[in-house]
Amino acid sequence: MTLPSPPMSLLAELTHRCPLACPYCSNPLELERKTAELDTADWRSVLEQAAELGVLQVHFSGGEPMARPDMVELVSVARRLNLYSNLITSGVLLDEPKLEALDRAGLDHIQLSFQDVTEAGAERIGGLRSAQARKIEAARLIRASGIPMTLNFVVHRENIARIPEMFTLARELGAGRVEIAHTQYYGWGLKNRDALLPSREQLEESTRAVEAERAKGDLSIDYVTPDYHADRPKPCMGGWGQRFVNVTPSGRVLPCHAAETIPDVAFPNVRDASLSEIWNCSPLFNMFRGTNWMPEPCRSCERKEKDWGGCRCQALALTGNAANADPVCSLSPFHDIVEGVATGLSEKPELLYRRF
Amino acid sequence: MTEAPHTVTEETVLSFARGYRLQHDRVRDLWIVQAPEKAFVIEGAAPHILRLLDGKRSVGDIIQQLALEFSAPREVIAKDVLALLSELTEKNVLHT
């Protein structure tokens, strides 16, 4: 038996604790308490096992990873293991001494999130007063440290018109890269979908705005489109159990950060098994790996090794069965669900915040 | 006199920009360049060229060393080295 190829990236979700309350948070609806979190020695072991298995880059995320007192130590462990370390942060807990310590520990890159370009827009999403000023200060400190920085903007109906200003801010702050990511509608995002999903016209306008910035050629740009107005699914996570491994605050090992919604399967934990056993042999990782699990129309589709059948968590959330074809695909028998949502946008419901 | 910022000549001394580094991936036995939020595989002559970048050697020194190591004509090596290093400088992976 040949083993699956090893993962390239580890998403280390160190904690679910966060000072912000964004209604599209990628964390699950059931947030994990501080007392359930892995300790420093556990994470050290996870990083060692990940490097051994073939992981090249570790993305320290959360919640807010800077809420962990051992962040600097974990960066130095990653550096020693030759793992490329990326800190995915809101910036609101960063100050000069912490940043200097991260720099000395060998942090390779920072992804700094902004909720908007206006203070009112940012506070409406993040729910934290004066967060915008703290983020701008964090960006200045990062710029001064020389650590490469990507600014991340999650876009949705309320801020989508301000994409050009997002690029202006990125240039002012000296970011080398910008990520414009449409909200992904799982978990919190799905709960707030009807308040956040842009219209097709808004989506087209946002794509034009990003293309216009790309043409200027001075910034490296990542653009993540929303599924709902598409007719072919995205290759979610580059294929289930193919490139990407996620470890949650309490040590569960998942093929993607929404996978805890999948029913009737055990979630392996680094407290009970090694990362390599979990990656290679666990029922969860083998459940949708490759193409053998696929139903029609995926099974005979020429794109099956391009999009790997799209997103399992989306199939589950929208059709009730994770093994169904991703309803984003126009060939899926469930595509009318997505079309109905995308065209039926009318009134504006209240946002439900992720408070923790 | 102004010079285009991306012109790489034999006198240029280059190193990896912050956030980029060359690494041997021992699990897959590949050479890769680590970059912000991605890694790309490099093949053929590229790893041999890039491992000589130390911020001290000039491009000419690197060409000289590879010509000796591979017993190949200097002008052939020079063409490959200048093409690769110009491309990566253009992409801000390398800087002076």
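The values are calculated or read from the model by the stated rules, or taken from the named source; none is laboratory data. Predicted model, so just to flag it, every value in this text is computed and none were measured. Glycine gets a Cβ as well: all are built from the backbone with ideal geometry, and neighbour counts include every protein chain shown. Each accessible area value is taken on the protein alone, full model and side chains, heavy atoms only, with ligands, DNA and RNA left out. Shrake-Rupley method; radii C 1.70, N 1.55, O 1.52, S 1.80 Å.
The figures follow:
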item: Selected residue [open to solvent by 60 Å² or more (accessible area, probe 1.4 Å) and touching a residue at least 24 places away in the same chain (Cβ under 8 Å)] from A:Arg303, A:Arg299; result: A:Arg303
item: Exclusive hit being among the hydroxyl-bearing types (Ser, Thr, Tyr), at pLDDT 95 or above and over 16 Å from the mean Cα position of the chain (by Cα), set A:Ser45, A:Ser61, A:Ser113; result: A:Ser45
item: Among the candidates A:Ser76, A:Ser90, A:Ser85, residue that is in contact with a strand residue (DSSP E or B) (Cβ under 6 Å, 6 or more places away or on another chain) and farther than 22 Å from B:Asn92 by Cα; result: A:Ser90
item: Any hit, segment B:66-87, residues being under 30 Å from A:Leu53 (Cα atoms) and surrounded by 15 or more Cβ atoms within 10 Å (Cβ to Cβ); result: no
item: Residue within segment A:39-50 that is open to solvent by less than 30 Å² (accessible area, probe 1.4 Å), away from every other protein chain (no Cβ under 14 Å), touching a His at 6+ places or on another chain (Cβ under 8 Å) and not hydroxyl-bearing (Ser, Thr, Tyr) present; result: no
item: Single unsatisfied condition, A:Leu345 versus (1) under 30 Å from A:Glu52 (Cα atoms); (2) assigned to a loop (DSSP other than H, G, I, E, B); (3) modelled with pLDDT under 95; result: (1)
item: From the options A:Val46, A:Val117, residue that is in contact with a helix residue (DSSP H, G or I) (Cβ under 6 Å, 6 or more places away or on another chain) and of a type in the set (A, V, I, L, M); result: A:Val117
item: Residues within segment A:80-100 that are surrounded by fewer than 16 Cβ atoms within 10 Å (Cβ to Cβ) and under 23 Å from A:Val46 (Cβ atoms), tallied; result: 3
item: Matching option when the condition is within 14 Å of another protein chain (Cβ to nearest Cβ), buried (at least 16 other Cβ atoms within 10 Å of the Cβ) and over 20 Å from A:Asn152 (Cβ atoms), among A:Leu254, A:Leu275; result: A:Leu275
item: Any chance A:Asn286 is open to solvent by less than 40 Å² (accessible area, probe 1.4 Å), touching a residue at least 12 places away in the same chain (Cβ under 8 Å) and on the phi < 0 side of the Ramachandran plot; result: no
item: Qualifying residue in segment A:162-178 (condition: farther than 15 Å from A:Leu219 by Cβ and open to solvent by less than 20 Å² (accessible area, probe 1.4 Å)); result: no
item: Among the candidates A:Glu179, A:Glu172, A:Glu204, residue that is in a strand (DSSP E or B) and either over 18 Å from A:Asn86 (Cα atoms) or among the charged types (D, E, K, R) (or both); result: A:Glu179
item: Scan of segment A:182-199 for residues that are open to solvent by 10 Å² or more (accessible area, probe 1.4 Å) and not in a loop (DSSP other than H, G, I, E, B), ordered by number; result: A:Gly187, A:Trp188, A:Leu190, A:Lys191, A:Arg193, A:Asp194
item: So B:Leu30, is it more than 18 Å from A:Ser85 (Cβ to Cβ) and open to solvent by less than 40 Å² (accessible area, probe 1.4 Å); result: no
item: Residue that is more than 14 Å from every other protein chain (Cβ to nearest Cβ) and either open to solvent by less than 50 Å² (accessible area, probe 1.4 Å) or touching a His at 6+ places or on another chain (Cβ under 9 Å) (or both), where the choices are A:Leu107, A:Leu14; result: A:Leu14
item: Those residues of segment A:4-59 which are charged (D, E, K, R) and closer than 22 Å to B:Ala39 by Cβ, in sequence order; result: A:Glu13, A:Glu48, A:Glu52
